[in-house]
Amino acid sequence: MSIKVKIIFLGLILALAGNCKEEKKVDVIATVGDDKITYDDYLLYVRQNLGFLETDSERVAKAIELVNVAIDERILVQEGYRTGLDKDQEIQLLVDGQKTRFLLDELYKVKVIEKAKPSTSEIKAYYNKSKEQLHPRHILVKEKKEADEIYSLLKKGANFDTLAKEKSIDPSAQENGGDLSWVSWGMMVDPFQEAAWKLKAGQISGPVKTQYGWHIIKLEERKAVENPVPFDQLRESIGKRLDSVKRRQLVDSFLDNLKQKAKLKINPAALELVKSRDQQVMSQDTSQAVKQLGAYLDSNLFGIDEKNSTFATYKGGQMTVGDFLQRYTVIGVGRKPALNDEEGLKQFVFQTLMSELLEKESLRLRLDKKKSFVENIKKLREKMMADKLRNDLLLAQINVTQEEIRAYYENHKGQFMHPVGVRVQEIMLPSEAEAKAVLKQLKAGASFSKLARQKTMRAGAKEKGGDLGYFSQTQYPGLFNACQNLKVGELAGPVLQGGSFCVIKFLGRKEPSQKTYEEAQKEAETKALTEKKQLTYNNWIASRKALIKVEVNTELLSQKLEQEFAKLDQTPKKKTLSGSFPFKVKVGPGGVIEQVK
């Protein structure tokens, strides 16, 4: 199975694999009318948003904000049902466009995840093998026929080291005779290590197939690992690795079976037609460049009837010449099979059809009837309903007047400031050593402007003697930060800025200054509109909360979030502590969730 095929399959079916979970007790943290908000649904948002926050106070604020967002979302969804958005055609089209992804998620669960969990005996067997290290050599070749010939020579007494240097396609073999040094279980691909661990010292294996080619393995020696880590400390990590390995194996096996069941065949007449058009253009190429068959293909070389003819057939469908050309011609030479590589072409066609074949297999297994699939489609539809109600129906028509923009500017002048600016002369250089040499010249009395004109890499500053004018921290953060403790006229360097090494001379600092209304008008308009929309939305939510019974299990929510924060604290990273735990939440005015201070 090719790497490309595996990548395509995994890319299609892993996107939603995070939704896969076993049935377990449902913890309801809030009810909105008749709707329940579970902690598991809420936890997805918590983990997406809290991991990058460093302080406890930030985490608490974000966690509480997310509870309110979840409640507001349910209110929007209920209003969406009331107004008929669940039957909206635009939303239906968007949902239909995503059904394949959800189907493939279900297929991945059934065919891979549910079968991949390793047993205790498998974990124990892996651990036992990891208590020993092997010292193998190998000879790697592309074809089995050559591997068989080499193995025959070795059985007759040929020197392994010599043959490895002569025959192996492993780049290091010419230097080390295929010596892989000491390896532990789990370091090599499975077929290789399975074969190697069966050998006794001095034995040579028959040809072993991996994704790299055919290996012949010789075991030099074995040794026990000194002071092995106890089983209980490695159990979890071994289980995860075995799960990952079994998933890859199950994907390979499933795709191989899918390809067999597809009964894919290429139409010989269509293939000859495509080859002939490619060769026709090739014969007119006077560049004498050597190109693979297929490099000259273009859909304009074919008539309508030719494009509609069958290029390949498979169980339940066909691919036309036009379909093939549409996909084949957009891929660069070297990344697609040559036209004389029929097996490669079959694989290419299979990759092209894979999404369709996987969807058909999902429907054959009636995975569209599974409870989890139906629930995921419902959640997607409701998310789109909430978004459309909020953005298109509630907020789209809101605008701000010139008077409102002006009032926002006058009431929030602190938001509209020119930032602190610094002014420097700079000589930008490619290496730290050159920057140090230039700094030494400047300290000895050389002219900064003259050296800048001669040496700086910043083209726009050459004629100005390296003068960059005033700039803010966002423009050149490295240079800006280097100026903070300098006095006017002082030198500094080397300063790393954008991958280059700079020597600077500090010329001055400009304090923050107020932007005029004309300078700030666009920015003020954006902020005034955002504020007005938020206020309108908040008022609408509050009016609905007055009509709907909203209850929050504050005790359960506090307990669950405290446990989640404890897990985040175990992650090794810098962390600034503020506040203290345990903490509690309550329902405040207007039904808004707040922290108990």
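Bear in mind these aren't lab numbers, they're just calculated from the coordinates by the rules spelled out. None of these values were measured; they are calculated from a predicted model. Cβ coordinates were reconstructed from backbone atoms using ideal geometry, including for glycine residues, and neighbour counts include every protein chain displayed.
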| task | Return the loop-located trypsin sites (Lys or Arg not before Pro) in region 477-509 (DSSP other than H, G, I, E, B) with at most 14 other Cβ atoms within 10 Å of their own Cβ; answer none if there are none. | result | Lys487
| query | Hey, what did region 338-461 get for relative contact order, percent, Cα under 8 Å, at least 6 apart? | reply | 16
| What order do you get for Met188, Met354 when you list them from fewest to most C-beta neighbours inside 10 Å? | Met354, Met188
| 222 nm [θ] for the chain, helices only, -39500 (n - 2.57) per DSSP H run of 4+, per residue, to 500? | -16000 deg cm²/dmol
| remark: Set Lys462/Lys510; Lys124/Lys560; Lys440/Lys515; Lys115/Lys155, cut-off 32 Å on Cα-Cα distance; pairs above it are Lys124/Lys560; Lys440/Lys515; Lys115/Lys155
| query | Ranked from highest to lowest mean number of other Cβ atoms within 10 Å per residue, what is the order of the peptides 128-138, 446-456? | reply | 128-138, 446-456
| query | Against the longest alpha carbon principal axis of the chain, how many degrees, from 0 to 90 and to the nearest 10, is the axis of helix 432-443 turned? | reply | 40
| note | Once normalised by the length of the chain, the mean sequence separation of its alpha carbon contacts under 8 Å that are 6 or more apart gives a contact order in percent of 17
| Relative contact order, percent, region 132-227 [alpha-carbon distance under 8 Å, six or more residues apart] | 43
